[in-house]
Structure formats: structure tokens, C-alpha cells
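Every number in this text was worked out from the coordinates using simple rules, so none of it is lab data. Nothing here was measured: the structure is a model prediction, and the numbers come from that model. Virtual Cβ from ideal backbone geometry, glycine too; neighbours counted across all protein chains shown.
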Amino acid sequence: MSDTNVNLAALIGSRICHDLISPIGAITNGLELLDLTGATQGPEMELIADSVGNAGARIRFFRIAYGRADDQMISRAEIVSVLDDMGRGGRLRVDWSPADPLPRSEVRLAFLALQCFETAMPYGGTVCVDSRAGRWRMVGEAGKMTMDAALWAIFDGAPPPDPVTPAQVQFALIPQVARDLGRRMSYSRDSDHRLVLEF
């Protein structure tokens, strides 16, 4: 994937997330007002509220993972908020260890990597994320892992498979994002239940 394509994809991602976050926020506010007035309650409203909350969390995640990255710093509080909200609607739990604010470009790479873990852990699991002295280490553990060798081969320098499906787009994007940051990514699987990714 060329630099031009990566930058264009980031701009498209930013635009989509920007345009969707406002109406979803408005729906959330409307639900809160309905709740305060007691006008409507019950499982239907809970389902709507959960769905809107999950959509908002995904858009916030995608905004970082697929939006335009810059030198802006992202606080731990914001990162953990996004990951916790994402965790409520999914099976993957993320334990984010870094305490300091981090460059958006590096968090973007970590978020793309989390989506790679998600494909390998379809039944859920935990990913522990740490960053020390500029070096990232992500450890995923799950009861069952399903890894597509052709996709994970990109971390050994192989090109992404062609064609790439929408569910695999993170594997096509992550090598270029890593190169732009001067990072070399590597992974190891030291058991049937544990996967380590470093960059």
C-alpha cells in the first residue's frame, strides 16, 4: 500500500468518524433526557442505549486506529475510556499499562495491532499492552486462538494477501504505519494460548 493510499485512507477514516460521532452523541443525549423524565423504560430502551454506546465506542476507537495521526498526545484516561467502552460490547479485554500520555501515531499502531489480536482470538481473551523506553510489547492470551498464517506473515515481511477482506484491512495497513514510524514489528507464539507482538 503506497503512502498516498495510506494518507487517503486516514483522511477518509477521519471524515467518516467525524461525521458520525455528532449524531450518535445526539442520540445518547436524547436517551439520557428520556431516562431523566421517566418517559420510557424497559428492555427496549436498554437495548437501544447499549447499541448506541457500542457504536460510539467503536467510532472513537476507529478514529484513532484509522484516522489521520499527528504529533498530538493522547492521555491514558482517554485511551482507557475508549478501550473500556469497547470491551463492554465485545469479548476482548485490554489491560493498558502505560501511564503517561503517548503520541497519537504510536497509539494508532497499537490499536491496529489490537484488531490483529482480535482476529486471532475470536472467542475472546485478554491483551496486555505495555510500552517502556519507546518499546511496545503486547501479549494476548485466550482459551483458543485461530491464526491465519498468510495474514500474520506480514510481520515477517511478507506482503498482505490479495485480495484483503474488510475484516482484514488492519493487516494491509499496519506494515506501512509501522514503517512510517520507523518500527519493525515481530511476533511469536510461545504456546497454543499465548501470542506476543513487539515493535
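Helix 76-88 axis versus longest C-alpha principal axis of the chain: approximately 80°, rounded to the nearest ten.
Which shape class, rounded, prolate or oblate, goes with the stretch 94-199 when its Cα gyration tensor gives a ≥ b ≥ c as root eigenvalues, a/c under 1.5 marks rounded, and past that a/b bigger than b/c marks prolate? Cα axes put the stretch 94-199 in the oblate bin. Considering only alpha-carbon pairs that sit under 8 angstrom and 6 or more positions apart, the relative contact order computed for the stretch 3-198 is 17 percent.
Nearest 10 degrees is fine. How inclined is helix 104-120 to the longest principal axis of the chain, computing both from alpha carbons? Once rounded, one gets 90 degrees.
Checking (1) 8, 33, 36, 17, 6, 1; (2) 8, 31, 32, 18, 8, 3, 0, 0; (3) 9, 37, 39, 14, 1 against the coordinates, the calculated P(r) over Cα pairs in 10 Å bins from 0, in percent falls under label (1). Looking at the chain as a GNM with Cα springs under 10 Å, which of 94, 80, 164 has the largest mean-square fluctuation? Largest GNM mean-square fluctuation: 164.
Relative to the longest principal axis of the Cα atoms of the chain, the long axis of helix 43-66 lies at roughly 40 degrees. Over the stretch 56-143, the hull volume per residue, using the convex hull of the C-alpha atoms, is 83 Å³. One Cα centroid belongs to the stretch 184-199, the other to the stretch 89-146; the line between them spans 11 Å.
Determine the gain in length on full extension of the stretch residue 50-residue 147; use 0.36 nm per residue of separation and subtract their C-alpha separation, reporting nm with one decimal.
Details: separation 97, 0.36 × 97 = 34.92 nm, distance 3.01 nm.
Length difference between fully extended and current span is 31.9 nm.
Rounded to the nearest 20 debye, the dipole size of the chain about its Cα centre is 460 debye, using +1 on the Cβ of Lys and Arg and -1 on the Cβ of Asp and Glu.
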